[in-house]
1. Is one or more of the residues making up the stretch 115-122 surrounded by fewer than 19 Cβ atoms within 10 Å (Cβ to Cβ) and more than 16 Å from ligand 3 (Cβ to nearest atom)?
2. Just checking, does the stretch 32-45 include any residue being at pLDDT 95 or above, open to solvent by less than 50 Å² (accessible area, probe 1.4 Å) and not assigned by TED's automatic domain parsing to the domain that holds Ile195?
3. Determine whether Thr75 is within 16 Å of ligand 3 (Cβ to nearest atom) and outside any loop (DSSP other than H, G, I, E, B).
4. Quick one: which of Val251, Val245, Val236, Val260 is of a type in the set (A, V, I, L, M), open to solvent by 10 Å² or more (accessible area, probe 1.4 Å) and in contact with a strand residue (DSSP E or B) (Cβ under 6 Å, 6 or more places away or on another chain)?
5. If you check Ala148 against the conditions, is it over 18 Å from the mean Cα position of the chain (by Cα), surrounded by fewer than 23 Cβ atoms within 10 Å (Cβ to Cβ) and over 29 Å from Tyr23 (Cβ atoms)?
6. Mind listing whichever residues of the stretch 111-153 are closer than 25 Å to Leu83 by Cα, in a helix (DSSP H, G or I) and β-branched (Val, Ile, Thr)?
7. Looking only at the stretch 126-140, how many residues end up being loosely packed, with under 13 Cβ neighbours inside 10 Å and without any contact (Cβ under 8 Å) to a residue 12 or more places away in the chain?
8. Under 7 Å by Cβ, and 6 or more places apart or on different chains, what pairs join a residue from the stretch 105-125 that is of a type in the set (D, E, K, R) with one that is open to solvent by 50 Å² or more (accessible area, probe 1.4 Å)?
Amino acid sequence: MLNEQMLATAHNNFATAEPSADYAMEVHDIAKTFPVRNMLGRRTGGVSAVDHVSFKLPRQQTLGIVGESGCGKSTLARLVMRLIEPDQGQVLFRDEDLLQLGKNGVKDMRRHIQMVFQNPYSSLNPQLSVLDNIAFSLWANGGGKAEARSEAHQYLEAVGLPRTFADRLPGSLSGGQRQRIAIARALILKPEVVIADEAVSALDKSVQAQVLNLFQDLKSALNLSMIFISHDLHVVEYMSDEILVMYLGRVVERGPAHRVFANPLHPYTQALLASAPSVDMEAPPKPETLLKGDLPSPLNPPSGCRFRTRCPLATERCALETPVLRPFGQGQEAACLLLKEEEAASIPPSLINHS
Ligand SMILES: Nc1ncnc2c1ncn2[C@@H]1O[C@H](COP(=O)(O)OP(=O)(O)O)[C@@H](O)[C@H]1O
Ligand code: SF4
Ligand SMILES: [Mg+2]
């Protein structure tokens, strides 16, 4: 289905930066608190949406970011793209700190880092044909129309749609087909990094699987590095090489995907995994590990460990001290005060003694 060679050649001809390091992007200590104001415009508080988050995106790999709705995933992506201004931090990309760039620098950077959102319909122009929706970003960035359209045909094919779709309007397409157009439109700019934010969440399960497979195919054909954001653990597990688990604006666990899923260390990750609807209907989750209650308000997050109000293992200490990420071997890190290193490294999660 994919004309991989042609597409990869078009892609690589465009890319100017040779892979120079192990990481496509590094984010250091980024934070954002949205101010809350009263009727008079006076600041009365703040929503701590992203609280000192750091991560590295390994080149040509997929970093999955997972956590419940409201835990700061989209804000983190928007900070990285500089669609909103962070309070602090660094986003290192192509040897520059994106947060220090001027307007033109940011514009240039955005063509190398493309986003795919949950609802493609809102970002597609309903008046433009499918082909012109794909070609648009290329000619908006200075390309000739004929050339852009000819390239758009390649990308239409690459995302698995027949050429006969070229003249159709987005309104006549299914959700999955529209998402394929959104992907083609992101890729035609030959990005190095693609950030997919809940990109399959609005699709039916069967269509989800097709679009996930498309992402996988395109990632390897085009040597992309990806940040794949979802509240759905199974989706993130399927897609990711590395995992970042977020809770109320903070990273609580990270590591290689196979390690985190086989041996989740943080009580939140364990509860999230136990609470995720099983693909295996024969194996119901254990009730004692299920995630209970709602995410607390980020307007007034709990002191110390932000998970303590829902953590079955919380002690008084958890209200007083803020846990930091600590290494537990084989690249896995978790931020829990009570987790003991030697136990975490060797014992299956269900047997870990946290006290
Ligand atoms: N522009 C904004 N102003 C105020 N609060 C915001 C804004 N954007 C997001 N938030 C809040 O920040 C928190 C994190 O939101 P978000 O990043 O969208 O979470 P997620 O993508 O994980 O569902 C939420 O409490 C949300 O209400
Ligand atoms: S620090 Fe305390 S509250 Fe937080 S996850 Fe660990 S045991 Fe639970
Ligand atoms: Mg979101």
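1. Yes, some residue in the stretch 115-122 is surrounded by fewer than 19 Cβ atoms within 10 Å (Cβ to Cβ) and more than 16 Å from ligand 3 (Cβ to nearest atom).
2. Yes, there is a match, as at least one residue in the stretch 32-45 is at pLDDT 95 or above, open to solvent by less than 50 Å² (accessible area, probe 1.4 Å) and not assigned by TED's automatic domain parsing to the domain that holds Ile195.
3. So Thr75 fits the description; yes.
4. Selected residue: Val251, the only one of Val251, Val245, Val236, Val260 that is of a type in the set (A, V, I, L, M), open to solvent by 10 Å² or more (accessible area, probe 1.4 Å) and in contact with a strand residue (DSSP E or B) (Cβ under 6 Å, 6 or more places away or on another chain).
5. yes
6. Answer for the stretch 111-153, where residues must be closer than 25 Å to Leu83 by Cα, in a helix (DSSP H, G or I) and β-branched (Val, Ile, Thr): just Ile134.
7. Number satisfying all stated conditions: 1.
8. Cβ pairs passing all conditions: Arg111/Asn141.
The values are calculated or read from the model by the stated rules, or taken from the named source; none is laboratory data. Source: prediction; values computed, not measured. For neighbour counting, all protein chains shown are included, and Cβ atoms are generated from backbone atoms with ideal geometry for every residue, glycine included. Heads up: the accessible areas ignore ligands, DNA and RNA and are worked out on the full protein's heavy atoms, side chains in. Shrake-Rupley method; radii C 1.70, N 1.55, O 1.52, S 1.80 Å.
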